[in-house]
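A short write-up of the structure that comes next.
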Protein chains: 2
Amino acid sequence: MLNYEQALATVLSNTAHAMSEECVALEQSLGRVLSRPIVADRPLPPFNRVAMDGLAFKHSDFNPTLPLEIKNEVLAGMEVNNSLAPNQAFHIMTGAALPASADTVVQIEHFELQSGELPQALLQSGRDYSCGLNIHPVGADAAKGEELVSASSCVTPAQMGVMAAVGSSEVWVKRKPVVNIFSTGDELVAPEDIPTAVQIRDSNSYVLMSFCQRSGANAKRLGTLKDDLSYLRQHLGQGLAGDILLLSGGVSAGTHDYIPQVLEELGVTQVFHKVAIKPGKPLWFGVSDSGVLVFGLPGNPVSTQVNFNLFVRPVIHQMVGLGLENGDEPKTLRLPISLDWVKRSPRPDQFINGKITASEQGMVVLPIHDHGSGDFCSFAKADALIRLSGDRGTTYSAGSLVEVIRM
Amino acid sequence: MLNYEQALATVLSNTAHAMSEECVALEQSLGRVLSRPIVADRPLPPFNRVAMDGLAFKHSDFNPTLPLEIKNEVLAGMEVNNSLAPNQAFHIMTGAALPASADTVVQIEHFELQSGELPQALLQSGRDYSCGLNIHPVGADAAKGEELVSASSCVTPAQMGVMAAVGSSEVWVKRKPVVNIFSTGDELVAPEDIPTAVQIRDSNSYVLMSFCQRSGANAKRLGTLKDDLSYLRQHLGQGLAGDILLLSGGVSAGTHDYIPQVLEELGVTQVFHKVAIKPGKPLWFGVSDSGVLVFGLPGNPVSTQVNFNLFVRPVIHQMVGLGLENGDEPKTLRLPISLDWVKRSPRPDQFINGKITASEQGMVVLPIHDHGSGDFCSFAKADALIRLSGDRGTTYSAGSLVEVIRM
């Protein structure tokens, strides 16, 4: 049986399918993964930008013992080409382009205004008026052509601002992988239905849809499949019209688990079945003739969610190339565990519920008690998985670093 | 001038405006803030749930030295009422409801099947068959009526699963605050336009829209306002048709900053102007007659983003009651700073760009160098603000804990 690292590497090495790109409006790009870098169409700032409301003058012509005479007002967006005589100045506003005839700006509050008003102003003694003051020089932040946001970035609000500033009103992004989702099981009814004493409501398709959306995929719930061979033959194929197919339930050792058989008929080749982890051991993984990745996830809600976070999300991220060109290798997150904890499972890797919290010593992860692997109420309090490795009985003492996978 | 804590407290104490609730479909609830708790409509699990494909029998009637005779098959969703004689068993599947005549399940792999097949199976010697094995008992996770997800939770994928399981096909959530956004400034053109040598493209309205969306608000970009009194009188009022109005630019000491005047004419009372922070000092805050919160943010893109994260996001969260009933007071996040850093600003609080990263020692925050407060390219590399307090020249040595505000 494959272990966690082997299974993850196997899944990722079968992801031949890199997403193509599409063009979206700037406003729609938040959270999308760029397929091309964003470069500066002109230097940033594009001109010597005034950083303070004040008086602009030429430093070499300035005599601080004489009042400045205000020649004219320069607002942001105003182009001014006139020259300044010695001890003349512009009254200039934040965001304006500094006229070529000036090189220094001193804020208006640092002057004594003659008769309380412009146009005569004397610099207060002791005030700084060094050359270049309060100017954000052209090109200081970026040269024309410089890369500002790298391809493979997941667009943040601040990056959207940079894109707007350089005229990227439309941007090229990776197409979102289409993930089709089926729940399986005769015991399932819809959330709006009243289950009988032996039925439960479908919850996994909602959870998987949400996790897919959060991971940057386009998730489609296709409904609930019956544990019936001819029904499956009729319906399962539509799940392959996408990039990834997620099935929850139907892949364990039950006599009525027909799904692997029907998948094989549909041209899906099994790559592995079962991983030596707890929970989530029954995971089934296969690839279709056309490269669709098929995950047969356990019906148990906790196992399904653990498998999604361990295996499916990394695949979605790989398909869109998230972070691949940012230079920094994705690092394993390690945090101090906030309680003593003993590994109870004999499987090589156990994943328990964790909650990342702020403490006086920084970020820590709190393990959350549950009532076994079916307890999705406790699981819903978690925002991370804590990986416990080693033999059954291995003790993790409070404060020691553990590997954490954020959900 | 107010300091950071005073300004934040002032803003929050003026937020009288708690959002009303609305009902949305379960599928639409991801990331929304619940206005009512989710309670279990029946115990969880709702029946004695079988956790393993196996044979189910009554422990007190079982003789492990004799083969079990398989009476019938019990699938998930199947209701079975027949009784078992001693050493009879059901072949039962994961997820099925355990019939009342059985109390123990042993997985199928732990039996020797007579002639390789059911219906005769002998337990392998040494296998555990303790009473109650592989049963997830009715009510183990939650009693009927128990609160499963508290009001004021921001719905996660796992919580959506819990909601589906208990039949919350529609859920009550807080209405999203409507945030209207204007950029101001005659120097601004749209991202799709080619600016002249002294113009720049509007980026702040895109950044603010995105930050609002990420904070759970319904953001509306209303366009760019001209620095012109009659124009402002004609257009500014439409910004008050919401819960919050954000203006970027037009609130500094420039002679053409008419916005405070027009806001006053529209019934907006100034609460404060300027905060002793760097960047973001020129912040203007007021409240309209009808309780709309108005933020006059500086035009400088970095200052605007810092102000949003320090003051506007907490207001949006307070309006929807995010986390207020979860019992845990929002804790200040403190992380080790990964480099020596010296506070350069004399203002009581300086906020510098940071990036939260994984290190061998856990999570740390890396300060990011910039080219002054106009450098939104460097800012776009940050995902957090690092708060530096104390006198100019205060040194923060690598590894010491600093206050971090995530963006």
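Laboratory data are not the source of any read-out in this text; all were calculated from the coordinates shown. What you are looking at is a predicted structure, and each value in this text was computed from that prediction instead of being measured. Here Cβ is always computed from backbone atoms with ideal geometry, including for glycine, and neighbour counts include all displayed protein chains.
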Cα-based Rg and Dmax for chain A, in Å, come out at 30.9, 98
Considering Cα pairs under 8 angstrom that are at least six residues apart, work out the relative contact order of the range A:86-199 and quote it in whole percent. 15
If you average the sequence gap of Cα pairs under 8 Å that are 6 or more apart and divide by the length of chain A, what percent do you get for the contact order? 16
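Restricting to DSSP H runs of at least four residues, report the calculated mean residue ellipticity at 222 nm for chain A, -39500 (n - 2.57) per run over all residues, nearest 500 deg cm²/dmol.
Values: 8 runs with 63 residues, N = 407.
The per-residue figure over chain A is -4000 deg cm²/dmol.
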Principal axis extents for the protein assembly as shown, Cα atoms only, whole Å, descending order, please. 113, 49, 49
Straight-line reach check, A:Lys176, cutoff 20 Å on alpha carbons, 8 or more apart in-chain or any other chain, hits among lysines -> A:Lys220
Average partner chain C-beta neighbours within 10 Å, per residue of B:357-370? 3
Charge tally in the Cβ shell below 10 Å around A:Val80, where Lys, Arg are +1 and Asp, Glu are -1, A:Val80 excluded: -1
Charge dipole (debye, nearest 20) of the range A:262-407; +1 at Cβ of Lys and Arg, -1 at Cβ of Asp and Glu: 440
For the range B:261-372, just run the numbers: alpha carbon Rg, then divide by 2.2 N^0.38 Å, N being how many residues it has. 1.31
Reachable aspartates and glutamates from B:Lys343, criterion Cα separation under 16 angstrom, eight or more residues apart if same chain: B:Asp370, B:Asp391, B:Glu403
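Write down the percent of antiparallel bridges among all DSSP beta bridges whose residues are both part of the protein assembly as shown, to the nearest 5.
65
Given all pairs of different Cα atoms, what value in angstroms does the Kirkwood hydrodynamic radius of the range A:109-161 take?
Values: mean 1/r = 0.0642 Å⁻¹.
Result for the range A:109-161, one decimal place: 15.6 Å.
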With Cβ to Cβ distances under 13 Å as the rule, what net charge do the other residues near B:Arg313 carry (K, R +1; D, E -1)? +2
Computed Rg/Rh for the range A:142-205 (Cα atoms; Rh = Kirkwood radius) stands at 1.39
Cut-off under 26 Å on the C-alpha distance; same-chain residues fewer than 8 positions from A:Lys58 excluded. Which lysines are left, in chain and number order? A:Lys71
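Residues of B:183-194, mean number of Cβ from any other protein chain within 10 Å of their own Cβ, rounded to a whole number?
Average neighbour count from other chains, rounded to a whole number: 5.
If you take each beta carbon of peptide A:71-80 and count the beta carbons of other chains within 10 angstrom, what is the mean?
On the way: counts 0, 0, 3, 1, 8, 13, 12, 4, 4, 1.
Mean partner shielding for this stretch: 5.
For chain A, with only Lys/Arg (+1) and Asp/Glu (-1) charged at the beta-carbon, what is the dipole magnitude about the Cα centre, in debye rounded to 20?
On the way: 31 positive and 42 negative charges, 237 e Å.
The calculated dipole for chain A is roughly 1140 debye.
Let me make sure I get this right: for the range A:333-406, a, b and c are the square roots of the gyration tensor eigenvalues over alpha carbons, sorted descending. Under 1.5 in a/c it's rounded, otherwise prolate if a/b > b/c, else oblate. Which is it? Provide the component values of the computation, followed by the final result.
On the way: a/c = 1.87, a/b = 1.16, b/c = 1.62.
Oblate is the answer for the range A:333-406, as a/c is 1.5 or above yet b/c matches or exceeds a/b.
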Sorted from largest down, give the three principal axis spans of the alpha carbons of the range A:169-257, whole angstrom values. 55, 27, 21
Positive end of the charge dipole of chain B (Lys, Arg +1 and Asp, Glu -1 on Cβ, about the Cα centre): tell me which of B:Ser168, B:Val198, B:Ile70 has its Cα farthest that way. B:Val198
GNM result for chain B, Cα springs below 10 Å: residue of B:Asn72, B:Asn307, B:Asn204 fluctuating most strongly: B:Asn72
Considering the dipole of the range A:49-136 built from charges on the beta carbon (Lys and Arg +1, Asp and Glu -1) around the Cα centre, which of A:Val50, A:His136, A:Val80 is farthest to its positive end? A:His136
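Using a Förster distance of 30 Å, how high is the FRET efficiency between B:Gln234 and B:Glu192, based on the Cβ-Cβ distance and rounded to 0.05?
Working: r = 25 Å, r/R0 = 0.82.
After rounding, the FRET efficiency stands at 0.75.
Which residues make up the longest stretch of chain A that has no GluC sites (Glu not before Pro) in a DSSP loop with at most 12 other Cβ atoms within 10 Å? Intermediate results must be reported in sequence, preceding the final value.
Values: sites that count: A:Glu117, A:Glu325, A:Glu360.
In short, A:118-324.
Relative contact order, percent, of the range B:344-407 when contacts are C-alpha pairs under 8 Å separated by at least 6 residues? Could the numbers behind the result be given before it?
On the way: 96 pairs, mean separation 24.3, N = 64.
Relative contact order of the range B:344-407: 38 percent.
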Set the bar at 25 Å for Cα to Cα. Now go through B:Lys278/B:Lys381; A:Lys381/B:Lys381; A:Lys174/B:Lys381 and name every pair that lies beyond it. A:Lys381/B:Lys381
